[in-house]
1. Applying the selection to segment 487-526, what residues are at positive phi, small (Gly, Ala, Ser) and in contact with a Ser or Thr (Cβ under 9 Å, 6 or more places away or on another chain)?
2. Go through segment 24-61 residue by residue and tally those that are surrounded by 15 or more Cβ atoms within 10 Å (Cβ to Cβ), assigned to a loop (DSSP other than H, G, I, E, B) and of a type in the set (Gly, Ala, Ser).
3. Failed condition for residue 72, given (1) closer than 28 Å to residue 292 by Cβ; (2) in a helix (DSSP H, G or I); (3) free of Cβ contacts under 8 Å to residues at least 60 places away in the same chain; (4) small (Gly, Ala, Ser), with all others met?
4. For the subset of segment 589-629 comprising residues that are assigned to a helix (DSSP H, G or I), of a type in the set (D, E, K, R) and over 31 Å from the mean Cα position of the chain (by Cα), which member is farthest from residue 565 (Cα to Cα)?
5. Given the options 562, 589, name the one that is of a type outside the set (Gly, Ala, Ser), touching a helix residue (DSSP H, G or I) at 6+ places or on another chain (Cβ under 7 Å) and buried (at least 22 other Cβ atoms within 10 Å of the Cβ).
6. Testing residue 306 on (1) aliphatic (A, V, I, L, M); (2) in the same structural domain as residue 173 (by the TED database); (3) outside any loop (DSSP other than H, G, I, E, B), one condition comes back false. Which one is that?
7. Where in segment 320-430 are there helices (runs of 4 or more DSSP H), lying fully within it, with 1 or more residues that are assigned by the TED database to the domain that holds residue 466, modelled with pLDDT of 95 or more and closer than 24 Å to residue 466 by Cβ?
8. Condition test on residue 188, is it outside the structural domain of residue 584 (by the TED database), surrounded by 22 or more Cβ atoms within 10 Å (Cβ to Cβ), in a helix (DSSP H, G or I) and touching a helix residue (DSSP H, G or I) at 6+ places or on another chain (Cβ under 9 Å)?
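The values are calculated or read from the model by the stated rules, or taken from the named source; none is laboratory data. Note that this is a predicted model, so its numbers are computed, not measured. Cβ: placed from backbone, ideal geometry, glycine included. Neighbour counts: every protein chain shown.
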Amino acid sequence: MLRYVIAITFAALSISAVAASDDVMCVQQVLTELGYAPGPADGAIGRRTREASAMFAADTGSRLPALADDNANVWCTDLTAFAASAEASLLNSPARALLPADVLIALSRQPIETGARLCKPSGSSLDSVRSVEPIVKISGFNSRMDNVESVEHARDLERFAGAFGGQSVLALASDNLALKTELIKILARWAEAGALLETIACVTGDGLLINKGACTEWTQDNGQDPSGMKDATFTTFIGAGLVRAYYAALADADPEGLAVEHTAIKGWIERFSKRLKRPGDVYFGLNMGWYWPTIVNELAAGETDAARGRLTKIADEMLRLISADGSIRERTTRGNRALWYHFTSIDEIVVSMELMRAAGMTPPAALEEDLHRAVAVFIAGVKDHSTLDKWAKLANNSVYDGTQDWDANWADGDFAGTWLHIYPYRYAGTPLAVELRALVPVMARSATSDIDLGLGLGCIYNAAIHSPDALPAPDQKTAPPAELKLTGAMVLRADDEPNFRSYKVTPFSLSVDDASTGISSIEVMADFNGSSTPDNLQLLRLTMPRANLKDEASRLADFSGCDPISVRVDGSEQELRLAFGEEAGVNECVFDKMGQTDRMIWTAIHEQFAKILAASKDEPAREIDALYERAK
């Protein structure tokens with residue numbers, strides 16, 4: 001009799017084990033469908049399955065217990081239900097090629113107004129995107145790349161790419177289908193024109209780098225040699241940024257209504273991608289040694305295993321490249337640029353880790369520990385440059401005089417600053433994240449602009465974590481506005497042409513916060529679509545020559561990267577322009593590059609311009625006043 005009981009018990013256990021195995025297989029299959037990496041659907045709960053299930057629970061805010069054989073049936077049921085939900089579509093969207101599931105889900109749960117406010121780009125507008133005709137070729141860079149102003153279309157391409165990335169992120173954050181449609185049509189127009197594809201390609205058909213013929217660099221010590229390699233690299237990484245913007249924000253918008261446009265863009269991406277170097281060695285710089293463009297393409301194409309293999313290699317190599325003291329090999333040792341190279345390398349670490357999460361992987365704990373040490377080195381270095389001496393004095397490929405070549409307005413920079421906003425999201429509440437957040441406001445320009453990545457995704461992370469009540473009010477200032485005073489003003493018409501009129505405004509004894517501005521005249525430009533009446537106004541701007549600004553930092557600054565609405569370049573001369581009304585957002589780029597005194601003066605003039613007009617009894621002042629009211 002005992003033998004029968006034992007046999008029945010074993011049979012029951014066997015049936016139970018089979019059922020559990022089937023449930024685990026169900027969990028593994030659904031997790032795989034949702035973009036996670038649980039390993040093979042073999043019915044066994046191993047390390048990868050545990051990590052993938054824990055990651056899903058964290059991403060979605062699920063209250064499921066840790067996956068085990070005895071609760072796998074509950075997991076299977078809940079996962080299957082989630083896979084049929086609207087949120088599951090986010091996990092299978094093209095945006096997952098860049099953004100992890102938790103970010104996409106958290107963003108979708110926030111009011112649209114939050115993303116629309118935080119992701120409004122600084123210094124660019126949709127007109128900045130519309131106004132640039134497709135550029136098919138870049139040629140003429142030297143190896144030092146200090147001749148960008150003379151390279152035909154180079155600045156135009158930079159401006160287009162920056163504006164396109166900014167508007168794409170805004171479209172994603174605000175879920176604005178009209179804006180997405182406009183951007184898709186613009187990118188399709190570029191695709192149909194073969195944008196960038198006539199630039200020299202310095203790779204072979206199978207992705208190996210060519211270093212001969214026209215594809216050379218630094219054949220002269222002074223770097224003035226013509227370099228096809230620099231032409232190719234400049235074009236390739238701007239193009240890669242456009243591709244990332246498309247996948248992150250646009251690729252799934254109105255697939256039926258915009259089918260022709262999507263087909264054109266995808267065809268262009270396929271042709272453009274043949275220009276990418278096949279990634280090999282892992283190193284900091286050039287999008288982690290050319291890895292990012294290929295990884296993003298693979299994730300977008302559903303080639304997840306290939307992307308995960310590359311990301312695993314990046315993680316392994318990063319552990320070798322980051323030292324135990326938080327310094328980064330051959331980056332924190334770069335003399336007077338050590339802080340800059342350390343900063344950009346942290347961005348590559350953080351973005352690479354986000355790509356791991358987007359691919360359903362959990363970054364190694366050891367890599368996270370290395371990241372925290374590197375961030376600690378950065379924060380200490382920002383506060384006191386001398387803390388970098390022990391590394392910077394090695395001066396690898398650089399010089400060192402005991403100082404750091406570092407922009408005091410680094411939080412508002414537009415290169416490699418996305419990590420400044422990802423880190424406080426990912427490690428919210430930790431001492432380093434709190435300290436970094438105190439240094440970098442959520443409204444900093446680095447949140448919406450990143451030339452290296454191609455789009456400023458930092459604001460997406462800010463929108464995902466911040467409740468609307470915690471955001472600064474749209475017009476909130478960090479300090480009370482400076483007070484503008486004058487004793488009177490004279491206003492005269494200067495030019496009166498078809499579709500254009502300009503005025504000369506002469507303020508008397510103009511001061512800001514009781515300090516004389518030294519400004520003797522201000523030019524006002526009005527562009528019209530037809531007759532010169534307020535109803536036909538297209539654009540109203542103040543203008544000032546860069547050479548007339550007070551701060552040396554302003555006079556030496558290069559404003560050419562700002563929107564064409566904001567600057568006119570004539571050789572070495574630059575004329576700055578501040579817009580009113582809907583286009584006023586482009587002013588931020590100009591203000592960001594000004595010195596502190598000029599920023600205070602011209603912000604006050606721009607914001608209180610009505611006071612200057614009211615101080616004049618001249619009829620042209622009333623004309624400008626009517627235009628000013630129309631622009632507002």
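1. 488, 509
2. So the answer is 5.
3. So the condition that residue 72 fails would be (1).
4. 619
5. Result of the check over 562, 589: 562.
6. Of the numbered conditions (1) aliphatic (A, V, I, L, M); (2) in the same structural domain as residue 173 (by the TED database); (3) outside any loop (DSSP other than H, G, I, E, B), the odd one out for residue 306 is (2).
7. Where helices (runs of 4 or more DSSP H) fall fully within segment 320-430 and carry at least 1 residues being assigned by the TED database to the domain that holds residue 466, modelled with pLDDT of 95 or more and closer than 24 Å to residue 466 by Cβ, they are 419-426.
8. Taking the combined requirement at face value, the residue does not satisfy it.
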